[in-house]
Amino acid sequence: QVQLVESGGGLVQAGGSLRLSCAVTGIAISFRAMRWYRQAPGKQRELVAQITSDGNEDYADSMKGRFTVSRDNAKNIVYLQMDSLKPEDTAVYYCNTYQYPNYYWGQGTQVTVSS
């Protein structure tokens, strides 16, 4: 059974940092692209960052230069380092991966940035 469990969220002041973790069981992340999404209240879920199996990183424009996605294949964990946080980064953050024929999601972790 595939499970993704996010952690590391919390309350932080604007300008602060958080590191999110996504621990994966049931599949090896080393062969898969891993993604972070977020969903703010009243808004659609949006892609934050992606890291491919080759280690290539991609970010939404508003996160470039502030967020860094990384992976530890030995531990089967994906990370999202978030720096220079802004109040508009407040959302529930989810990790995601795909193994045919299913997309898998974690339960999410709440990030709240106060001004």
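The values are calculated or read from the model by the stated rules, or taken from the named source; none is laboratory data. As the structure is a computational prediction, the values presented were derived from the model and not from experiment. All Cβ positions, even for glycine, are placed from backbone atoms using ideal geometry, and neighbour counts span all protein chains on display. Areas reflect the complete protein model, heavy atoms only, side chains present, ligands, DNA and RNA absent. Shrake-Rupley method; radii C 1.70, N 1.55, O 1.52, S 1.80 Å.
Of note:
- Residue-normalised accessible area of the chain, expressed per residue, 1.4 Å probe, Å²: 54 Å²
- Ignoring aspartates and glutamates fewer than eight residues from K86 along the same chain, the ones with Cα atoms less than 17 angstrom from its Cα are E46, D61.
- Relative intensity of the range 28-115 on a log10 scale, I(q)/I(0) at q = 0.14, 0.16, 0.20, 0.21 Å⁻¹, equals -0.48, -0.63, -0.96, -1.05, per a Debye sum over C-alpha point scatterers of equal strength in the absence of solvent.
- For the chain, the dipole from Cβ point charges (+1 on Lys and Arg, -1 on Asp and Glu) about the Cα centre works out to 140 debye, to the nearest 20.
- The relative contact order of the chain comes to 36 percent, based on Cα pairs under 8 Å that sit 6 or more residues apart.
- Placing +1 on the Cβ of every Lys and Arg and -1 on the Cβ of every Asp and Glu, with nothing else charged, gives the range 1-51 a dipole about its Cα centre of roughly 100 debye.
- Taking the 1.4 Å solvent-accessible surface of the chain as the whole, the part contributed by carbon and sulfur is 46%.
- Accessible area of S114 in the full protein assembly, 1.4 Å probe (Å², nearest 10): 40 Å²
- Ranking T90, G106, G15 by Cα position along the charge dipole of the range 1-111, where only Lys, Arg, Asp and Glu carry charges on their C-beta atoms, puts G106 farthest toward the positive end.
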